[in-house]
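The values are calculated or read from the model by the stated rules, or taken from the named source; none is laboratory data. Keep in mind that this is a model prediction, so the values were computed, not measured. So basically every Cβ, Gly included, is an ideal-geometry build from the backbone, and we count neighbours across all protein chains shown. With ligands, DNA and RNA removed, areas are computed over all heavy atoms of the protein, side chains included. Shrake-Rupley method; radii C 1.70, N 1.55, O 1.52, S 1.80 Å.
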Amino acid sequence: MNKKILGLATAALLSLSMSLQAAPVTIKFSHVVAENTPKGQMANEFKRLVEANEKLKDKVVVEVYPNSQLFGDNKVLEAMLLGDVQIAAPSLSKFKKYTKQLQLFDLPFLFKDMAAAEKFQQGPEGQELLNAMKKKGLVGLGYLHNGMKQLSASNPLRVPADAAKQKFRIMSSDVLVEQFEAVKAVPVKKPFSEVFTLLQTKAIDGQENTWSNIYSKKFFEVQPYITESNHGLLDYMVVTSEEFWSGLDKDVQAELKTAMDKAIALGNKVAAEKAESDKKTIAESGRSEIIELSDEDRQKWVDIMKPVWKKFEKEVGAENIAAAQKAGE
Ligand code: LMR
């Protein structure tokens, strides 16, 4: 074989071997919160674990997009079904277009505390709900905690009548509409990325969120009062598209699931810590007064908001409501 033929044969072999080596799968993980939050840290930990995993090396690349940089929560699931995003973790209040069942998690005063939420999510009913959107092409990979919601406002809220006629930003959930209408307030559905400006310009009077979101997005700097109501849950479902997930090699899928479970465990730890530390930082800032409710006043909020459950019982399932309550016993 002369030199020229040998050179050509080598080049052909090289290009064949390069084309046989599959290009790495890119996972775009899009979310709306800051990086110093439970979800922000969970997403970064997932990326770190995938990069550190020898079995995933050269096979998977993870790109994390925080702060609604890529998509807001209103668009991210559509984008996922189109293949433009592979992982997201919207709040459980944002899946209404795909299933009514997850509205369960929004029912006011349903979960006694985070331990009850964890117990329900890991129990049979919670695990079943991870599959609630399969027919629509979305699969739940797990739940992630943020925490219990508090009410922030421009006026002090001690009893439900204090909320009357006040405009509150809510996530895109009909349960939350009913919850605020129950106290004669005006709910306004808006994306998370707009909340700070809406509060700052006084286009709205208040909002509900967890300590870590109130702190990381600086809502406390433009809301003089925060009522420690713990009236509802703000947790997430980590989701991916069925088409993307089932198209992965089985061993890659298993490694990714393990990395996700570990990242979620870290996120949950951060959530528990931040519920304490971000509340403390807000209290120490002196920017916002934290109102603690007496048992008697808290009961007034429970009594007026709890009837909302009945309206959604059919959609979320009475058995799921019962299981969620039982988790708190
Ligand atoms: C909100 O919209 O208030 C939250 O869902 C944001 C988040 O993802 O924590």
For this session: Working carefully through the options 303, 251, 297, find the one that is closer than 23 Å to residue 159 by Cα and touching a residue at least 24 places away in the same chain (Cβ under 8 Å).
Result: 297
Seminar exercise, completed: Checked 328, 317, 286 against criteria (surrounded by 13 or more Cβ atoms within 10 Å (Cβ to Cβ), more than 16 Å from the ligand (Cβ to nearest atom) and on the phi > 0 side of the Ramachandran plot); the one match is 317
Exercise. Out of curiosity, is residue 278 under 13 Å from residue 212 (Cβ atoms) and either in contact (Cβ under 8 Å) with a residue 60 or more places away in the chain or surrounded by 15 or more Cβ atoms within 10 Å (Cβ to Cβ) (or both)?
Worked result: yes
For this session: Go through the residues of segment 164-187 one by one and say whether even a single one is touching a Phe, Trp or Tyr at 6+ places or on another chain (Cβ under 9 Å), free of Cβ contacts under 8 Å to residues at least 24 places away in the same chain, more than 12 Å from the ligand (Cβ to nearest atom) and farther than 30 Å from residue 119 by Cβ.
Result: yes
Exercise. Give me the pairs: first residue in segment 74-99 and without any contact (Cβ under 8 Å) to a residue 24 or more places away in the chain, second residue within 15 Å of the ligand (Cβ to nearest atom), beta-carbon distance under 8 Å, and six or more apart or on different chains, which are they?
Worked result: 97/77
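Between 221, 194, 178, which is of a type in the set (D, E, K, R), on the phi < 0 side of the Ramachandran plot and crowded, with 19+ Cβ neighbours inside 10 Å?
Result of the check over 221, 194, 178: 178.
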Exercise. In segment 34-69, which residues are within 14 Å of the ligand (Cβ to nearest atom), part of a loop (DSSP other than H, G, I, E, B) and more than 14 Å from residue 216 (Cβ to Cβ)?
Worked result: 69
Exercise. Which condition number in (1) open to solvent by less than 10 Å² (accessible area, probe 1.4 Å); (2) assigned to a helix (DSSP H, G or I); (3) farther than 24 Å from residue 70 by Cα is the one that residue 199 fails?
Worked result: (3)
Exercise. Does residue 252 satisfy the criteria of being within 20 Å of the chain's Cα centre (by Cα) and open to solvent by less than 30 Å² (accessible area, probe 1.4 Å)?
Worked result: no
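Of all residues in segment 123-155, count the ones that are open to solvent by less than 40 Å² (accessible area, probe 1.4 Å) and either within 30 Å of residue 221 (Cβ to Cβ) or not in a helix (DSSP H, G or I) (or both).
Initially, segment 123-155 is screened for residues open to solvent by less than 40 Å² (accessible area, probe 1.4 Å), giving 123, 126, 129-130, 132-133, 137-154.
Keeping just the survivors that are either within 30 Å of residue 221 (Cβ to Cβ) or not in a helix (DSSP H, G or I) (or both) gives 123, 130, 132-133, 137-154.
The number of residues fulfilling the criteria is 22.
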Exercise. Could you say whether any residue in segment 134-153 is in contact (Cβ under 8 Å) with a residue 60 or more places away in the chain and out of contact with any strand residue (DSSP E or B) (no Cβ under 8 Å at 6 or more places or on another chain)?
Worked result: yes
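Only one of these is surrounded by 24 or more Cβ atoms within 10 Å (Cβ to Cβ) and away from the ligand (no atom under 16 Å from the Cβ): 95, 109, 120, 105. Name it.
120
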